[in-house]
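Below is one structure, written out as structure tokens; the observations come after it.
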There are 2 protein chains.
Amino acid sequence: MLQLSPMQKLRMEYQPKLPPLLKNLSTIGVVASSDVFEKPVISECFPNIAGQKILHFEANREKKSLPLKMGVLFSGGQAPGGHNVIAGLFDAMKELNSESTLLGFLGGPQGIIDNAYIKITASLLTNYRNQGGFDLIGSGRTKIESTEQYQTALKTVKQLDLDGLVIIGGDDSNTNAAFLAEYFLNNGCKTKVVGVPKTIDGDLKNEHIEISFGFDTACKVYSELIGNICRDVLSSKKYYFFIKLMGRSASHVTLECAMQTHPNLTLIGEEIEAQNKTLQQLVEEITDLICERASQGKDYGVILIPEGVIEFIPECKQLISELNVLMGKEVDLSSVSEHLSESSLHCFNALSEHIRKQLLIDRDPHGNVKVSKIETERFFIEMVKEQLRKRKSAGIYKGAFSAKPLFYGYEGRSGFPSTFDCDYCYSLGYVSALVLNNGATGYMACIQHLDRPAADWRPAAIPLLSMMDLEMRLGKSKPVIKKALVDLKGEPFLTFQQLREDWTLVDGYVYPGPIQYGSN
Amino acid sequence: MLQLSPMQKLRMEYQPKLPPLLKNLSTIGVVASSDVFEKPVISECFPNIAGQKILHFEANREKKSLPLKMGVLFSGGQAPGGHNVIAGLFDAMKELNSESTLLGFLGGPQGIIDNAYIKITASLLTNYRNQGGFDLIGSGRTKIESTEQYQTALKTVKQLDLDGLVIIGGDDSNTNAAFLAEYFLNNGCKTKVVGVPKTIDGDLKNEHIEISFGFDTACKVYSELIGNICRDVLSSKKYYFFIKLMGRSASHVTLECAMQTHPNLTLIGEEIEAQNKTLQQLVEEITDLICERASQGKDYGVILIPEGVIEFIPECKQLISELNVLMGKEVDLSSVSEHLSESSLHCFNALSEHIRKQLLIDRDPHGNVKVSKIETERFFIEMVKEQLRKRKSAGIYKGAFSAKPLFYGYEGRSGFPSTFDCDYCYSLGYVSALVLNNGATGYMACIQHLDRPAADWRPAAIPLLSMMDLEMRLGKSKPVIKKALVDLKGEPFLTFQQLREDWTLVDGYVYPGPIQYGSN
């Protein structure tokens, strides 16, 4: 028997806010209003969906929509709000025509290949509205890329007679959405494809897409925990916590959590890269902070480390890139060091055996080093401990160093979505339905003016190609949606840069506490 | 400049609920109503405070109180609500007589020894009301036990002319409170001592003390996170999470979190001990579950492990107890195995080198093995992986095992206290003031009927000696307040036992979500 917590029941009742324009769908028409720049090399790769305009919406018509049949899937890691994209999509489709049908592919893109799906119904959705996780239909990391996979996907959507397919995913999955849109059109298939910007990492954004969904909630969950740790540290005054935060390459999550909690030190990958820092320099900077705090009688503190930091340390990045190439060549792992450049070999040998092993053994589905598996939080503790030992011998440091590693990641991916993510995702679902109902394909659903109340939000749809560029993947140049890194000249980083000095010695911890839903 | 989060500000405004009797202190008198059993061996150790009765309170007088001067300190690990004990104590003292003074000893019991304190004022308290952590005055683990320490403590309280001392702590600290009460009386000192039951572990309770403060909040924080992990696991369907939960020896926290989230498997130390299970049996039970789930296509799940589990596995317990004795003798660490009994040596050798090291090197201030430092969550993963490898070779198991270790502890110790802990602690502070105002000493502040609304709560004070028994510590028999373990015949465990079967194969995860404060 299914048991629901009071919170699950409470949130089931919440009706997400919609921008006014989306409140009466039957009147909405699409206005292809603004041109958008697209790289010619990209247009060439996608002749069928090249040169599309940004879509805006207006209340300019009054006609009955035909019943739609659509599919939806989650791709990649969980992000809070995913269920609301499906709820919004479902509600909008039913509002457009009550005979419409929504199918949910099971276990991510693999569901299309396996033709495995369930029919989404109103009663099925009830328990999932405003709830965390992707468990209604599951997710997966299968990437549709081989000719055979494309053919199978085509077969599935044709057989199911789908008018549209909504892919809820990150940069890679939305890149895939563009390829599918192109492939379907090229093969005379009517199925249109729309992507929805999902990722807690916050690295899927650009001049049109203000933020991916899930980022808001994940940062709030992590910040609650970091704040609790800061308070604990300040109470017992005897531990250093090295907290690694999920977020793949970019340091957006870490930056945002730092702004919410004011830790003593925060590593930002993009800054480390720009300053061309070595691993040793980083370790010494951390050690300096610990020594300076110790001289003030403070043998405690909180240090934030972004998951992807290793890749931003130029010497480590070089090493990883050499390793990625070697892996492509299937070089024998035991002889790796013979194939490395001098500087990479130096960096490789500076790493602990444990980390070296992690670099060599764990690979992601794209064949790359699985940076998320590297326990940087423990690694830095070991390196810093060694430095402090030396300084203690030299009489420079007299403190006590007791450090604890922490990693916050999975806790934030499937938590209850914040009210913002509930509303945002629900609207994204609505926009997806509108785009597909208007026969557009190769778009990303979009809501603009997110910093304003939902009443002022502006729905739109952005051509996926406008976000794409060529990038080397496994030694080949491929069109991809580029990950948005932390902009060192952007406001969030500049604000952080201005404030962080104040947090190093004088403890200015802030305690955000748990997400509240109140009357929202 | 101090920055406060919206939650910090919101909670500062909250006025904790008090039982009606505590709302008009000037009318309250103490009624020493009920006798309580005390072991004669204990009474003998504390002749000055032996044979005291349980104190109840009644509105039976109307007289002006004299100004009081009191001290308060935190002892041991943080627990949500501690600041509200001080707030309640302060408010009650000021209500009894506005000239009263409250001093907060800094950094725990060490503050008495060092005569280090601050004066608690209303404005100082403002930012700490209903907030987490112990950072107003800090805490520490110094144990007042040597003759010199007792003398110094006596000197401090005499010099400060304290009428009373409130010790907010766990079993050990409240044991210490009894010793101090006895010592002060024996030395003709007027300072009375009251203990307040603090610990997130939930192991400081008895027929009179229903629960220690902090347990409620900590379990809710952990359950939020465990629920999020369960949802994540059910969405991606590819990981096993082995989650270790803080709570020192007893498995109360783990049991409570299991009831709130319904994980697939939960280890309960007390049950393992009662069933006389070996480490190998435990590992096989976990492996069995994983194999059975794999046969249903489920290569994912959540397993809860209490921090103290190792001590409850009889063979490990025996090993640890032998090690504790050896450590007392300062045996050379490298030759430890020569001094172990045959069965302990067998158990010792079955452990990984890493765990063996942890057992030998890390000791708590009492000289005992520091069980909390043992990374059981990783240890079990390694052992289970090895078992699965064997079963896979034998063709019995065909699943995929990808496991992730987690430890939740510090996050829950200093979080914002739940409304329950806010109210409970505030009332405990009031009761402490009342007890001391009435000249009683050697008591623990107590609130009964906690399962009812605060309006029905019943304040009381329980003689500390009634909770004490003799126990072996470092080879000597000492009077201590015994830790309350999970009662295998008690309702919480029996309910869990009845339900847990349903959670092993059919995923019945519950998602509690973050603590809400709403209009409470």
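The values are calculated or read from the model by the stated rules, or taken from the named source; none is laboratory data. No experiment lies behind these values; they were computed from the predicted model shown. Backbone-built Cβ (ideal geometry, glycine too); neighbour counts: all protein chains shown. Heads up: the accessible areas ignore ligands, DNA and RNA and are worked out on the full protein's heavy atoms, side chains in. Shrake-Rupley method; radii C 1.70, N 1.55, O 1.52, S 1.80 Å.
A compact table of results
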{"read-out": "Selection status of residue B:478, open to solvent by 20 Å² or more (accessible area, probe 1.4 Å) and under 18 Å from residue B:168 (Cβ atoms)", "value": "no"}
{"read-out": "Residue that is surrounded by the fewest Cβ atoms within 10 Å (Cβ to Cβ), among those in region B:278-298 that are outside any helix (DSSP H, G or I) and at pLDDT 95 or above", "value": "B:297"}
{"read-out": "Any hit, region B:88-96, residues being part of a strand (DSSP E or B), in the same structural domain as residue B:168 (by TED's automatic domain parsing) and closer than 25 Å to residue B:159 by Cα", "value": "no"}
{"read-out": "Failed condition for residue A:159, given (1) surrounded by fewer than 24 Cβ atoms within 10 Å (Cβ to Cβ); (2) within 14 Å of chain B (Cβ to nearest Cβ)", "value": "(2)"}
{"read-out": "Subset of region B:205-215 (residues that are buried (at least 24 other Cβ atoms within 10 Å of the Cβ) and over 14 Å from residue B:76 (Cα atoms))", "value": "B:215"}
{"read-out": "Cβ pairs under 6 Å, 6+ apart, first in region B:499-520 and closer than 25 Å to residue A:129 by Cα, second at pLDDT below 95 and assigned to a loop (DSSP other than H, G, I, E, B)", "value": "B:510/A:3"}
{"read-out": "Residue A:340 being modelled with pLDDT of 85 or more and over 19 Å from residue A:280 (Cα atoms)", "value": "yes"}
{"read-out": "Qualifying residue in region A:483-491 (condition: surrounded by 15 or more Cβ atoms within 10 Å (Cβ to Cβ) and at pLDDT below 95)", "value": "yes"}
{"read-out": "Total residues in region B:443-465, condition surrounded by 22 or more Cβ atoms within 10 Å (Cβ to Cβ) and not hydrophobic (A, V, I, L, M, F, W, C)", "value": "3"}
{"read-out": "Cross-chain or 6+ apart pairs with Cβ under 7 Å, region B:1-15 first and more than 8 Å from chain A (Cβ to nearest Cβ), then in a helix (DSSP H, G or I)", "value": "B:12/B:126; B:14/B:422"}
{"read-out": "So residue A:320, is it under 19 Å from residue A:383 (Cα atoms), among the β-branched types (Val, Ile, Thr) and at pLDDT below 95", "value": "no"}
{"read-out": "So residue A:73, is it assigned to a strand (DSSP E or B) and within 14 Å of chain B (Cβ to nearest Cβ)", "value": "yes"}
{"read-out": "Residues of region A:220-254 classified as in a loop (DSSP other than H, G, I, E, B) and within 12 Å of chain B (Cβ to nearest Cβ), total", "value": "4"}
{"read-out": "Subset of region A:106-145 [away from every other protein chain (no Cβ under 14 Å) and in contact with a Ser or Thr (Cβ under 9 Å, 6 or more places away or on another chain)]", "value": "A:112, A:113, A:115, A:117, A:119, A:120, A:143, A:144"}
{"read-out": "Hey, residue A:182 free of Cβ contacts under 8 Å to residues at least 12 places away in the same chain, away from chain B (no Cβ under 14 Å) and assigned to a helix (DSSP H, G or I) or not", "value": "no"}
{"read-out": "Options A:202, A:188, A:195: the member that is out of contact with any strand residue (DSSP E or B) (no Cβ under 9 Å at 6 or more places or on another chain), crowded, with 22+ Cβ neighbours inside 10 Å and not in a helix (DSSP H, G or I)", "value": "A:202"}
{"read-out": "Residue B:129 loosely packed, with under 15 Cβ neighbours inside 10 Å, assigned by TED's automatic domain parsing to the domain that holds residue B:183 and part of a loop (DSSP other than H, G, I, E, B)", "value": "no"}
{"read-out": "Candidates B:39, B:9, B:17, filtered to the one that is loosely packed, with under 14 Cβ neighbours inside 10 Å and of a type outside the set (Ser, Thr, Tyr)", "value": "B:9"}
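Results for (1) acidic (Asp, Glu); (2) over 23 Å from residue A:232 (Cβ atoms); (3) surrounded by fewer than 20 Cβ atoms within 10 Å (Cβ to Cβ), shown as yes or no for each residue.
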residue	(1), (2), (3)
B:335	no, yes, yes
B:359	no, yes, no
B:371	no, no, no
B:377	yes, no, no
